[in-house]
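Notes follow once the structure below has been shown.
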Amino acid sequence: MKKSFIIKGDICYSKNSNELITVKDSYLICKDGISMGIFKQIPEEYNNLEVYDFSNKLITPGLIDLHVHAPQYTFRGLGMDLELLDWLNTYTFPEEYKYSNLKYSQKSYEKFVNDLKFSATTRASIFSTLHVSSTVLLMDLLEKSGLITYVGKVNMDRNGIETLQEESSEESELRTVEWLEKIKDRYQRTFPILTPRFTPSCTDDLMIRLSKIQKKYTLPVQSHLSENKGEIAWVKQLCPDTRCYGDSYDKYHLFGENSNTIMAHCVWSDEIERKLLKNRGVFIAHCPNSNLNLASGIAPIRKYLSEGQKIGLGSDIAGGIHLSLFKQISDAIQVSKMYWRLVDDTCKPLTIEEAFYLATLGGGEFFGKVGSFDKGFEFDAIVIDDSDYKHENLNLNQRLERTIYMSEARHVTHKFVSGIKIF
Ligand code: GUN
Ligand code: FE
């Protein structure tokens, strides 16, 4: 069903972390779901393709959300006076318990998926809850939306609350296999990702079982890493034989050794952990809005970029309030300014080009050749009507900057994901 067509408009995309390509009034060609590149005039061989005319609108690659909790969409903006561990126990775990009820899940997940569909995001890596049926329900809704996503049934067999914790490591393993078997061959655009919540939630025995499941089903992995100082001290207590938090996953081969892996936050990763992240090619999901709300700290993204780490952005709903990845781009720039001003004046703030790159090509790499319009990339594009806030005589770089700081979901007028127009 992948289509061949042409879209016309004012185009912006990242070539790399420093270079933004901007071209006015040009044609972007999609052949069988793959970008053929940008042209000032339609080449003869594509003359017969349908043209969608988005003249005067901005066209960018779809944005990539590397870290978002679907069940937490319901309680955004609550408990923002707490730090991570208290926030989890007071708000997050009691809310996630509600997803044992399918009616509640249906209503909440419909709203989440609908809002995600009409946002600037084309692809996401998503946490559900520990519940199998509602996880499948979420995946069914996402498949219908046309977005491309990874979804993880959460594993947690310790340090939850009475109503939100799996009975044993064996039970957690059984439910995970049940989930994986249920969704086998069920979807084209929705994929499973192994999701140990974080080390404090998973016993060593569960990690061993998950490692076996990862190998058997060749799954990617997602979790949390070095988000909050109290959390890090707790992991040190739970795993006294580790050099760093990352070791507590790496010990069980769940840290990029055998699979594509996303670790959210990495606010406090020390040199040993950063080397491990780099050596294992782990994707860092930088979640600046969440890190502000839960007073977790500021991840030194400038340092990580200079080390050549793989980095994307995450909304981390409901630590983060906003589903919009444009908002995460501006937050990433803003927190990097505070890091430079208050923490380390050798770490220059992120530029627009760098932060936009993180939200597109940076995170896109997790999904393959995604996040650019260069020839050979999967065709993900969003069309933005910036006439609300467009001044005359602004160049494309300036229009993109205003879009990053000022756009709302309603300004995204059309979306294409892997060559399919979803609205
Ligand atoms: N660490 C473990 N679980 C969570 C969660 O749900 N949100 C955030 N931000 N961090 C976590
Ligand atoms: Fe999170």
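Only the coordinates and a few stated rules stand behind these numbers; no lab work does. Just so it is clear, the structure is predicted and the values come from calculations on it, not from any experiment. Note that each Cβ is placed from the backbone with ideal geometry, even for glycine, and that neighbours are counted across all protein chains shown.
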In the stretch 291-320, residues that are surrounded by fewer than 24 Cβ atoms within 10 Å (Cβ to Cβ) and either away from ligand 2 (no atom under 13 Å from the Cβ) or farther than 14 Å from Trp87 by Cα (or both) total 14
Single match in Leu180, Leu141, Leu219, Leu147 (criterion: touching a residue at least 12 places away in the same chain (Cβ under 8 Å), away from ligand 1 (no atom under 16 Å from the Cβ) and under 16 Å from Pro71 (Cβ atoms)): Leu141
Going through the stretch 144-169 one residue at a time, which ones are farther than 11 Å from His131 by Cα and among the polar types (S, T, N, Q)? Ser145, Thr149, Asn159, Thr163, Ser168, Ser169
Looking at Gly362, Gly371, can you tell me which residue is farther than 22 Å from Ile29 by Cα, touching a residue at least 40 places away in the same chain (Cβ under 8 Å) and under 16 Å from the mean Cα position of the chain (by Cα)? Gly362
Answer residue from the stretch 67-85, given it is in contact with an Asp or Glu (Cβ under 7 Å, 6 or more places away or on another chain) and over 17 Å from Leu325 (Cα atoms) and is surrounded by the most Cβ atoms within 10 Å (Cβ to Cβ) among those: Pro71
Just checking, how many residues over the stretch 338-356 are closer than 18 Å to Ile311 by Cα and in a helix (DSSP H, G or I)? 6
Of all residues being over 20 Å from Tyr304 (Cβ atoms) and charged (D, E, K, R) in the stretch 357-381, which is surrounded by the fewest Cβ atoms within 10 Å (Cβ to Cβ)? Just the residue, please. Lys375
Return only the number of the condition from (1) small (Gly, Ala, Ser); (2) out of contact with any helix residue (DSSP H, G or I) (no Cβ under 8 Å at 6 or more places or on another chain); (3) under 15 Å from Thr135 (Cβ atoms) that Ser172 does not satisfy. (2)
Would you please name the residue that is farthest from Ser387 (Cα to Cα), looking only at residues in the stretch 55-89 that are among the polar types (S, T, N, Q) and away from ligand 2 (no atom under 16 Å from the Cβ)? Thr60
Can you pull out the residues in the stretch 277-290 that are surrounded by 22 or more Cβ atoms within 10 Å (Cβ to Cβ) and out of contact with any Lys or Arg (no Cβ under 6 Å at 6 or more places or on another chain)? Leu277, Val282, Ile284, Ala285, His286, Cys287, Pro288, Asn289, Ser290
Quickly run through the stretch 278-303 and pick out the residues that are assigned to a loop (DSSP other than H, G, I, E, B) and more than 16 Å from ligand 1 (Cβ to nearest atom). Gly281, Val282, Pro300
Candidates Ser169, Ser100 - the one that is crowded, with 20+ Cβ neighbours inside 10 Å and away from ligand 1 (no atom under 16 Å from the Cβ): Ser169
List the number of the failed condition for Leu342; all other conditions in (1) among the hydrophobic types (A, V, I, L, M, F, W, C); (2) within 16 Å of ligand 1 (Cβ to nearest atom); (3) without any contact (Cβ under 8 Å) to a residue 12 or more places away in the chain hold. (2)
